[in-house]
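Everything below concerns the one structure shown next.
The values are calculated or read from the model by the stated rules, or taken from the named source; none is laboratory data. What you are looking at is a predicted structure, and each value in this text was computed from that prediction instead of being measured. Cβ sites come from the backbone with ideal geometry, for glycine too, and all protein chains shown count toward neighbours. These accessible areas exclude ligands, DNA and RNA; they are computed on the full protein's heavy atoms, side chains included. Shrake-Rupley method; radii C 1.70, N 1.55, O 1.52, S 1.80 Å.
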Amino acid sequence: MPERQRLAAEPRTVLGKKVRRLRREGVIPANLVQAGHPSIAMQVSERELADLVRVQATGQLVDLESPAATEPVLMDSVDIDTLTNRLVHVTLRKVDLTRPIDVMVRVSLEGHAPASDNAELLVLQHLQEVEVSALPAEIPSSLIGDVSGLVDIGDEVCVSDLRSADGTYEAVDDPDAIVVQVTAARAVEEEEDDLEEVLLEEGAEVDAEAPEAADGASEQPATGA
(Lines give C-alpha, C1' and ligand atoms only; values in the text may rest on other atoms or scores of the structure.)
Protein backbone atom coordinates (compact mmCIF):
# COMPACT_ATOMS: atom_id res chain seq x y z
CA MET A 1 0.00 0.00 0.00
CA PRO A 2 1.24 3.54 -0.74
CA GLU A 3 2.11 5.84 2.14
CA ARG A 4 -0.96 7.57 3.57
CA GLN A 5 -1.55 11.23 2.86
CA ARG A 6 -1.58 13.64 5.81
CA LEU A 7 -3.97 16.46 6.66
CA ALA A 8 -3.51 18.98 9.49
CA ALA A 9 -6.67 20.08 11.30
CA GLU A 10 -7.60 22.37 14.17
CA PRO A 11 -10.73 22.70 16.32
CA ARG A 12 -13.28 25.10 14.82
CA THR A 13 -15.23 27.64 16.86
CA VAL A 14 -16.73 29.52 13.90
CA LEU A 15 -20.07 27.94 13.00
CA GLY A 16 -23.07 28.49 10.74
CA LYS A 17 -23.00 31.21 8.08
CA LYS A 18 -19.92 32.77 9.68
CA VAL A 19 -17.76 30.07 8.07
CA ARG A 20 -17.81 32.19 4.89
CA ARG A 21 -15.17 34.33 6.57
CA LEU A 22 -12.99 31.26 7.05
CA ARG A 23 -13.17 30.39 3.36
CA ARG A 24 -12.12 33.92 2.42
CA GLU A 25 -9.04 33.33 4.57
CA GLY A 26 -8.16 30.06 2.83
CA VAL A 27 -9.59 27.84 5.57
CA ILE A 28 -12.16 25.13 4.87
CA PRO A 29 -14.67 24.00 7.50
CA ALA A 30 -14.58 20.28 8.29
CA ASN A 31 -16.54 17.87 10.42
CA LEU A 32 -15.16 14.73 12.01
CA VAL A 33 -17.98 12.22 12.36
CA GLN A 34 -18.24 8.87 14.14
CA ALA A 35 -21.24 6.58 14.47
CA GLY A 36 -22.98 7.09 17.81
CA HIS A 37 -21.01 10.25 18.66
CA PRO A 38 -21.60 13.98 18.12
CA SER A 39 -19.89 15.54 15.11
CA ILE A 40 -16.70 17.48 15.89
CA ALA A 41 -16.26 20.85 14.16
CA MET A 42 -12.77 21.28 12.68
CA GLN A 43 -11.00 23.35 10.04
CA VAL A 44 -8.28 22.58 7.51
CA SER A 45 -6.09 24.44 5.06
CA GLU A 46 -7.71 24.94 1.66
CA ARG A 47 -4.35 24.40 -0.03
CA GLU A 48 -3.68 21.12 1.79
CA LEU A 49 -7.18 19.85 1.09
CA ALA A 50 -6.91 20.82 -2.58
CA ASP A 51 -3.69 18.81 -2.81
CA LEU A 52 -5.50 15.74 -1.44
CA VAL A 53 -8.41 16.19 -3.84
CA ARG A 54 -5.93 16.52 -6.69
CA VAL A 55 -4.36 13.14 -5.87
CA GLN A 56 -7.87 11.66 -5.50
CA ALA A 57 -7.67 10.90 -1.79
CA THR A 58 -11.43 11.14 -1.36
CA GLY A 59 -12.67 7.76 -0.14
CA GLN A 60 -9.21 6.91 1.20
CA LEU A 61 -7.64 6.84 4.64
CA VAL A 62 -5.61 9.91 5.55
CA ASP A 63 -3.61 10.64 8.71
CA LEU A 64 -5.44 13.47 10.44
CA GLU A 65 -3.01 15.57 12.48
CA SER A 66 -4.76 17.55 15.22
CA PRO A 67 -3.50 19.07 18.49
CA ALA A 68 -4.97 16.09 20.34
CA ALA A 69 -3.49 13.27 18.27
CA THR A 70 -2.69 11.89 14.83
CA GLU A 71 -5.10 9.21 13.70
CA PRO A 72 -6.19 7.56 10.46
CA VAL A 73 -9.62 8.73 9.27
CA LEU A 74 -11.59 8.26 6.09
CA MET A 75 -11.78 11.33 3.85
CA ASP A 76 -15.46 10.65 3.36
CA SER A 77 -16.70 13.44 1.10
CA VAL A 78 -15.67 16.83 -0.25
CA ASP A 79 -18.15 19.52 -1.27
CA ILE A 80 -17.17 21.79 -4.16
CA ASP A 81 -18.99 24.89 -5.38
CA THR A 82 -20.03 24.06 -8.95
CA LEU A 83 -19.95 27.72 -10.00
CA THR A 84 -16.57 28.75 -8.60
CA ASN A 85 -14.96 25.28 -8.41
CA ARG A 86 -13.80 26.23 -4.91
CA LEU A 87 -13.75 23.84 -1.96
CA VAL A 88 -16.63 24.35 0.45
CA HIS A 89 -16.51 21.61 3.09
CA VAL A 90 -14.96 18.25 3.92
CA THR A 91 -16.37 15.41 5.99
CA LEU A 92 -13.90 13.12 7.75
CA ARG A 93 -15.03 9.86 9.30
CA LYS A 94 -13.61 7.79 12.11
CA VAL A 95 -13.75 4.12 11.18
CA ASP A 96 -13.03 0.79 12.83
CA LEU A 97 -9.85 -0.40 11.14
CA THR A 98 -10.79 -4.02 11.84
CA ARG A 99 -14.13 -3.96 10.02
CA PRO A 100 -14.77 -3.66 6.24
CA ILE A 101 -16.59 -0.60 4.93
CA ASP A 102 -18.29 0.12 1.61
CA VAL A 103 -16.70 2.87 -0.49
CA MET A 104 -16.63 4.04 -4.10
CA VAL A 105 -13.31 3.53 -5.90
CA ARG A 106 -12.41 5.12 -9.23
CA VAL A 107 -11.71 3.02 -12.31
CA SER A 108 -8.52 3.55 -14.31
CA LEU A 109 -8.17 2.12 -17.81
CA GLU A 110 -4.94 0.43 -18.86
CA GLY A 111 -3.63 -0.49 -22.29
CA HIS A 112 -4.74 0.37 -25.82
CA ALA A 113 -8.08 -0.83 -27.19
CA PRO A 114 -7.65 -1.93 -30.85
CA ALA A 115 -11.33 -1.07 -31.42
CA SER A 116 -10.50 2.62 -30.91
CA ASP A 117 -8.51 2.52 -34.18
CA ASN A 118 -11.67 1.65 -36.14
CA ALA A 119 -13.69 4.73 -37.13
CA GLU A 120 -16.87 2.64 -37.15
CA LEU A 121 -16.48 1.60 -33.50
CA LEU A 122 -16.60 3.41 -30.20
CA VAL A 123 -15.12 2.35 -26.87
CA LEU A 124 -17.42 3.66 -24.16
CA GLN A 125 -16.72 3.73 -20.42
CA HIS A 126 -20.00 3.26 -18.56
CA LEU A 127 -18.69 3.20 -14.99
CA GLN A 128 -16.21 5.74 -13.64
CA GLU A 129 -16.39 4.32 -10.10
CA VAL A 130 -17.24 0.96 -8.55
CA GLU A 131 -18.49 0.29 -5.03
CA VAL A 132 -16.32 -2.12 -3.06
CA SER A 133 -16.07 -3.51 0.45
CA ALA A 134 -12.63 -3.40 2.07
CA LEU A 135 -10.86 -2.92 5.35
CA PRO A 136 -10.13 0.82 5.72
CA ALA A 137 -6.37 0.27 5.43
CA GLU A 138 -6.86 -1.92 2.34
CA ILE A 139 -9.06 0.39 0.26
CA PRO A 140 -7.61 0.37 -3.28
CA SER A 141 -6.41 3.70 -4.64
CA SER A 142 -7.98 2.63 -7.95
CA LEU A 143 -9.36 -0.36 -9.84
CA ILE A 144 -7.66 -1.12 -13.13
CA GLY A 145 -9.45 -2.26 -16.27
CA ASP A 146 -7.32 -3.69 -19.10
CA VAL A 147 -8.82 -2.62 -22.46
CA SER A 148 -6.20 -4.24 -24.69
CA GLY A 149 -8.61 -7.08 -25.50
CA LEU A 150 -11.37 -4.81 -26.82
CA VAL A 151 -11.36 -5.47 -30.56
CA ASP A 152 -14.91 -5.79 -31.90
CA ILE A 153 -18.56 -4.93 -31.15
CA GLY A 154 -19.70 -6.55 -27.91
CA ASP A 155 -16.24 -6.86 -26.39
CA GLU A 156 -16.39 -5.56 -22.84
CA VAL A 157 -14.72 -5.21 -19.47
CA CYS A 158 -16.94 -6.06 -16.50
CA VAL A 159 -16.59 -5.35 -12.79
CA SER A 160 -15.33 -8.90 -12.30
CA ASP A 161 -12.48 -8.21 -14.75
CA LEU A 162 -11.08 -5.33 -12.72
CA ARG A 163 -8.03 -5.70 -10.52
CA SER A 164 -6.81 -3.63 -7.62
CA ALA A 165 -3.92 -1.23 -8.03
CA ASP A 166 -3.19 -1.97 -4.37
CA GLY A 167 -5.07 -3.32 -1.39
CA THR A 168 -7.66 -6.09 -1.17
CA TYR A 169 -11.39 -5.74 -1.80
CA GLU A 170 -14.66 -7.44 -2.65
CA ALA A 171 -16.97 -5.90 -5.23
CA VAL A 172 -20.33 -4.66 -3.94
CA ASP A 173 -21.55 -3.77 -7.43
CA ASP A 174 -22.80 -6.55 -9.73
CA PRO A 175 -19.76 -8.47 -11.00
CA ASP A 176 -21.38 -8.61 -14.44
CA ALA A 177 -21.95 -4.84 -14.62
CA ILE A 178 -20.29 -3.44 -17.74
CA VAL A 179 -17.45 -0.99 -17.13
CA VAL A 180 -16.22 -0.53 -20.71
CA GLN A 181 -17.84 -1.75 -23.92
CA VAL A 182 -17.28 -1.61 -27.68
CA THR A 183 -20.29 -0.47 -29.69
CA ALA A 184 -21.02 0.66 -33.25
CA ALA A 185 -20.56 4.39 -33.80
CA ARG A 186 -23.68 4.39 -35.98
CA ALA A 187 -25.80 2.97 -33.15
CA VAL A 188 -24.68 5.77 -30.83
CA GLU A 189 -25.47 8.38 -33.49
CA GLU A 190 -28.95 6.90 -33.97
CA GLU A 191 -29.58 7.04 -30.21
CA GLU A 192 -28.52 10.69 -30.17
CA ASP A 193 -30.79 11.46 -33.15
CA ASP A 194 -33.73 9.74 -31.41
CA LEU A 195 -33.10 11.75 -28.25
CA GLU A 196 -32.95 14.98 -30.25
CA GLU A 197 -36.28 14.16 -31.92
CA VAL A 198 -37.90 13.53 -28.54
CA LEU A 199 -36.61 16.85 -27.21
CA LEU A 200 -37.88 18.67 -30.28
CA GLU A 201 -41.30 17.05 -29.93
CA GLU A 202 -41.49 17.98 -26.26
CA GLY A 203 -40.55 21.56 -27.16
CA ALA A 204 -43.31 21.67 -29.79
CA GLU A 205 -45.86 20.46 -27.23
CA VAL A 206 -44.82 23.19 -24.81
CA ASP A 207 -45.16 25.83 -27.54
CA ALA A 208 -48.59 24.49 -28.48
CA GLU A 209 -49.77 24.82 -24.90
CA ALA A 210 -48.42 28.36 -24.48
CA PRO A 211 -51.39 30.20 -26.14
CA GLU A 212 -53.84 28.32 -23.90
CA ALA A 213 -51.90 29.40 -20.85
CA ALA A 214 -52.00 32.99 -22.06
CA ASP A 215 -55.75 32.82 -22.68
CA GLY A 216 -56.27 31.37 -19.23
CA ALA A 217 -54.29 34.19 -17.71
CA SER A 218 -56.47 36.80 -19.43
CA GLU A 219 -59.56 35.32 -17.78
CA GLN A 220 -58.37 36.15 -14.28
CA PRO A 221 -60.56 38.81 -12.63
CA ALA A 222 -59.19 42.33 -12.84
CA THR A 223 -58.17 44.10 -9.66
CA GLY A 224 -58.21 47.76 -8.74
CA ALA A 225 -61.11 48.55 -11.15
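A few remarks follow.
- Listed values for the stretch 86-101 are Karplus-derived 3J(HN,Hα) couplings in whole Hz (6.51 cos²θ - 1.76 cosθ + 1.60, θ = phi - 60°), namely 9, 5, 10, 6, 9, 10, 10, 10, 6, 10, 7, 5, 9, 10, x, 10, and x replaces Gly and Pro.
- Residue 104 - accessible surface, heavy atoms, 1.4 Å probe, Å² rounded to 10: 90 Å²
- Residue 120/residue 79 FRET efficiency (R0 35 Å; Cβ-Cβ; nearest 0.05): 0.25
- Check: the stretch 65-192 dipole with +1 on Lys, Arg Cβ and -1 on Asp, Glu Cβ, in debye: 620 debye
- Couplings 3J(HN,Hα) of the stretch 172-184, computed from phi: 8, 5, 4, x, 8, 4, 7, 8, 9, 8, 8, 9, 6 Hz, in residue order, whole Hz [Karplus 6.51 cos²θ - 1.76 cosθ + 1.60, θ = phi - 60°; x for Gly and Pro].
- Near the amide H of residue 5, within less than 5 Å, lie the amide hydrogens of 63, all on another chain or at least 5 residues away, with H placed in the peptide plane.
- Selection from 149, 119, 183 lying farthest towards where the dipole of the stretch 93-193 points positive, charges on Cβ: 149
- Formal net charge of residues neighbouring residue 84 (Cβ-Cβ distance under 15 Å; K, R +1; D, E -1): +1
- Whole-Å distance, taken between Cα centres, linking the stretch 114-147 and the stretch 38-74: 27 Å
- Summarising the amide proton neighbourhood of residue 27: residues at separation of 5 or more, or on other chains, whose placed amide H is nearer than 5 Å comprise 46.
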